[in-house]
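Asks: Sharing a structure, written as structure tokens. Questions coming.
A short reminder: the numbers here are calculations on the coordinates, not readings from a lab. Not measured: the values here are computed from a predicted model. So basically every Cβ, Gly included, is an ideal-geometry build from the backbone, and we count neighbours across all protein chains shown.
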Amino acid sequence: MAHAQPLRTDASLMVHSLSLITRNETLRSILARVDTIAASDSSVLLIGETGVGKELFAEYIHRTSSRAERPLVKVGLAALPHELLETELFGHERGAFTSALNEKKGLFELSDRGTIFLDDIDDFPLALQSKLLRVLESHEVMRVGGTTPIPVDIRLITATKVDLKELVDRGIFRADLYYRINVVPISIPPLRERRDDIPLLIEHFLRRFAPDKQLVPAEEALRAMVSYSWPGNVRELRNVVQRMALFASDTIQLKDLPPEIRTEDPLQLLVKSCHQCLVDDHMSYDQVIACLETNLLRQALENADGNRAQAAKTLGMSLSTFRDKLKKYRIDDTERT
Ligand SMILES: Nc1ncnc2c1ncn2[C@@H]1O[C@H](COP(=O)(O)OP(=O)(O)OP(=O)(O)O)[C@@H](O)[C@H]1O
Ligand SMILES: [Mg+2]
């Protein structure tokens, strides 16, 4: 049976009931890549912070693949006790251990001709990693207590929030397994790195959670939401919008937002984004300091409506030091007073 082709509009993709909303260039190019590999059987490793949409991407890949009519079996490795994992994944024969009164099919067998999604793969116990690798390499699974391998045809999608390579370097993740699952790595950027998606997602979730209300955020509320750092990414945004949709009646005001979004300290924001530069963009210490100073000077000037004396005062420095710094960083402003 032919599977439905994704229906593309300008900013959203609908696959069956699944909607993946984005207008961000980076995410769109990632999606274009996903479209080209979805049809193949290659293993995909989804990398990204909590709430960025890894599971949604896994569903998207499965539903646009030729395996769409077969099951997508999701396994949350962080939530599954390690002692249960082996029999859950690989199954067991009758009498394999005292409580094994009946045979049990494992999740690999249940994913046959479909897709298995191993979430939080970094939590996969080292002791079982060679067994997982064997399934992937041989396309056969051996139940606990079994003697005959059972053929399985599976497509593997994994997800992680951490850098698996680092776990390999620390000896807690097998290098051979890492290379086997990392055939197509896909990094999904956090929401704070694709802020152009925020208004669109707000609109999408408002429509979803309050279809009968005509809710819109006031400009100030929208601005606060766009500049907030969203550590919980799209999930956090969805939850916030869901709560607002419940209580607001027409326009969502700044005061309707949770305090962390309403009052995120601008200085904290600066420090956070500079820390991000240092870690993600590998800028040098001097570059980060220069970026932080430039932003602080600009912001002080803006808050003081261009009045240098007042801006210098809020930063606790003399006017001459302030002027020197503006010159040093070539901050071009027109002094209004
Ligand atoms: N681009 C998007 N468009 C619409 N909804 C999205 C988008 N990205 C994420 N979501 C929604 O946000 C929520 C969180 O996404 P998801 O569960 O896929 O994140 P995750 O990366 O798997 O998080 P975790 O690491 O915590 O498991 C889900 O309800 C998902 O449908
Ligand atoms: Mg998830």
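Asks: So which residue, out of Ser227, Ser42, Ser320, gets the largest mean-square fluctuation from a GNM of the chain using Cα contacts under 10 Å as springs?
Replies: Ser320
Asks: Give the aspartates and glutamates reachable from Lys105 as a straight Cα distance under 16 Å; neighbours fewer than 8 places away on the same chain don't count.
Replies: Of all the aspartates and glutamates, those that pass the test against Lys105 - Cα under 16 Å, at least 8 places apart if same chain - are Glu86, Glu88, Glu93, Glu140, Asp153.
Asks: Something else about it: Could you tell me what percent of the DSSP beta bridges with both partners in the chain are antiparallel, to the nearest 5?
Replies: 30
Asks: Loop by DSSP (not H, G, I, E, B), at most 12 other beta-carbon atoms within 10 Å: where is the longest site-free stretch of the chain for trypsin sites (Lys or Arg not before Pro)?
Replies: Longest gap between qualifying sites, sites excluded: 171-329.
Asks: What are the ³J(HN,Hα) values, in whole Hz, obtained from phi via the Karplus relation 6.51 cos²θ - 1.76 cosθ + 1.60 with θ = phi - 60°, for each residue of the range 201-213 in sequence order, with x given for Gly and Pro?
Replies: Taking θ as phi minus 60°, the curve returns 5, 4, 4, 4, 6, 5, 5, 6, 8, 9, x, 8, 9 Hz for the range 201-213.
Asks: State the extension gain, in nm to one decimal, for the chain segment bounded by Ser99 and Arg28, taking 0.36 nm per residue of separation less the distance between their alpha-carbons.
Replies: Length gained between Ser99 and Arg28: 20.6 nm.
Asks: In nm, give the distance between the simple-model label positions of Gln214 and Leu246, each being 7 Å from the Cα along the Cα-to-Cβ direction.
Replies: With each label point 7 Å from Cα toward Cβ, the separation is 2.6 nm.
Asks: Here's something else I'd like to know. With springs connecting C-alpha atoms under 10 Å apart, model the chain as a Gaussian network and identify which of Asn24, Asn307, Asn239 has the largest mean-square fluctuation.
Replies: Comparing Asn24, Asn307, Asn239 in a Gaussian network model of the chain, the most mobile one is Asn307.
Asks: Give me Cys277, Cys291 ranked fewest to most by other Cβ atoms within 10 Å of their Cβ, as a rough exposure proxy.
Replies: Ascending Cβ contact count within 10 Å gives the list Cys277, Cys291.
Asks: Among Asp196, Asp286, Asp153, which one shows the highest mean-square fluctuation when the chain is modelled as a Gaussian network with alpha-carbon springs under 10 Å?
Replies: Maximum fluctuation in the GNM of the chain, among the listed residues, is at Asp286.
Asks: Can you give the alpha-carbon Rg of the range 169-244 over 2.2 N^0.38 Å, where N counts its residues?
Replies: In units of the 2.2 N^0.38 Å rule of thumb, it is 1.57.
Asks: Rounded to the nearest 500, what is the 222 nm mean residue ellipticity of the chain from helices alone, with -39500 (n - 2.57) per DSSP H run of 4+ residues and division by all residues? Kindly include the intermediate steps, with their values, before the conclusion.
Replies: Numbers: 15 runs with 155 residues, N = 337.
Theoretical 222 nm ellipticity from helices: -13500 deg cm²/dmol.
Asks: Right, next: Exposed loop sites here are GluC sites (Glu not before Pro) in DSSP loop states with at most 13 other C-beta atoms within 10 Å. What is the longest stretch of the chain lacking them? Don't skip to the answer; put the middle values down first.
Replies: Details: sites that count: Glu69, Glu335.
That gives 70-334 as the longest site-free run.
Asks: What length, rounded to one decimal in nm, is gained on full extension from Glu140 through to Leu56, with 0.36 nm per residue of separation minus their alpha-carbon distance? Please report the intermediate quantities before stating the final value.
Replies: Values: separation 84, 0.36 × 84 = 30.24 nm, distance 2.79 nm.
So the extension gain works out to 27.5 nm.
Asks: Taking R0 as 35 Å, what FRET efficiency do you get between Ile172 and Thr148 from their Cβ-Cβ distance, rounded to the nearest 0.05? Numbers along the way, then the final one.
Replies: Values: r = 32 Å, r/R0 = 0.92.
For Ile172 and Thr148, the calculated efficiency is 0.65.
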